[in-house]
Amino acid sequence: MIREAKGARVFYTLSGEKGRNVLLLHGWGCDSSTMKSVANALEDHFQVMTPDFPGHGKSGRPPEPWGVKEYAECIIELITETGFRPCYVVAHSFGCRVAAWIEAENPGFFGKIVFTGGAGIRPKPSAEAQKRSSRYKKLKSMYSVVGKLPGLGAVSARMEDKLRKKYGSPDYNALDEEMRKTFIKVINQDLTELYDSFRSSTLLIWGDADTETPLWMAREMEKRIPDSGLVILESGSHFAFLEQSARFNRIVYQFLKEDE
């Protein structure tokens, strides 16, 4: 199904015919198919909605560069206009950023929350990372100056492209120029202070070998979210919810069914 929300075409799927509503939110660079195993595990007991975020999967692009706030507003509009409220949410990585913004701005918005590999807390950059960033900025500035010289625009563009490929993250380099603007807005937003405002019961399920969003981030969320608990999946990576899907889905099902 496709519906317009906040000026973007949003593709989403619905499954299940009974029980409470559960919204599934995927990570950056993925799409709704990443959450398929979770949807399959829940649809016999819940009604499940799984959207593609704008700029991902079968959804259209954001009409302009978006940050977390705009993505959150898009999801609120989608579930409101489709009558999918109230709902629980199960989110991975970037999806956790969006769900966190919604919950913090509207405490108690979600009946229950499940985060896995949740992004949103910015780590303090290491000394090496700071040096790397400084080198990148100096070189980019130098190439920009070169590009202003007569006849050297194309040379400068090639130099900047090589620089981007060397210093940019895989997620950044996989995007075109317009979506890079959105990506930068998203990752530059530190959501650490939002978790204190949560009012919904929250379960954090984390792989202890996650290098994208390390376990210390989950512990920080658990410390800040008033009603929260942490389950650790041993040897699990950032995609522990897929690697250990049977265990993950059992835990989620039991958590969501507790009060029914």
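Key figures
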read-out	value
Residue within segment 13-25 that is more than 15 Å from the chain's Cα centre (by Cα) and on the phi > 0 side of the Ramachandran plot present	yes
Within segment 10-44, tally of residues that are closer than 14 Å to PHE84 by Cβ, in contact with a helix residue (DSSP H, G or I) (Cβ under 8 Å, 6 or more places away or on another chain) and in a loop (DSSP other than H, G, I, E, B)	2
All positions within segment 50-76 that are crowded, with 21+ Cβ neighbours inside 10 Å, under 14 Å from MET1 (Cα atoms) and over 14 Å from the mean Cα position of the chain (by Cα)	SER59
Qualifying positions in segment 145-183 - touching a Phe, Trp or Tyr at 6+ places or on another chain (Cβ under 8 Å) and either on the phi > 0 side of the Ramachandran plot or modelled with pLDDT of 70 or more (or both)	ASP171, LEU175, ARG180, THR182, PHE183
Pick from segment 202-242, criterion farther than 23 Å from GLY108 by Cβ, free of Cβ contacts under 8 Å to residues at least 60 places away in the same chain and acidic (Asp, Glu), ranking: surrounded by the fewest Cβ atoms within 10 Å (Cβ to Cβ)	GLU234
ILE79 closer than 21 Å to ASN249 by Cα, among the aliphatic types (A, V, I, L, M) and more than 12 Å from the chain's Cα centre (by Cα)	no
Any hit, segment 243-257, residues being more than 19 Å from the chain's Cα centre (by Cα), more than 15 Å from ARG97 (Cα to Cα), open to solvent by 80 Å² or more (accessible area, probe 1.4 Å) and among the polar types (S, T, N, Q)	yes
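The values are calculated or read from the model by the stated rules, or taken from the named source; none is laboratory data. For clarity, every value in this text was computed on a predicted model and none was experimentally measured. FYI the Cβ positions are ideal-geometry reconstructions off the backbone, even for glycines, and counts take in every protein chain you see. All accessible areas refer to the heavy atoms of the entire protein, side chains included, with ligands and DNA or RNA removed. Shrake-Rupley method; radii C 1.70, N 1.55, O 1.52, S 1.80 Å.
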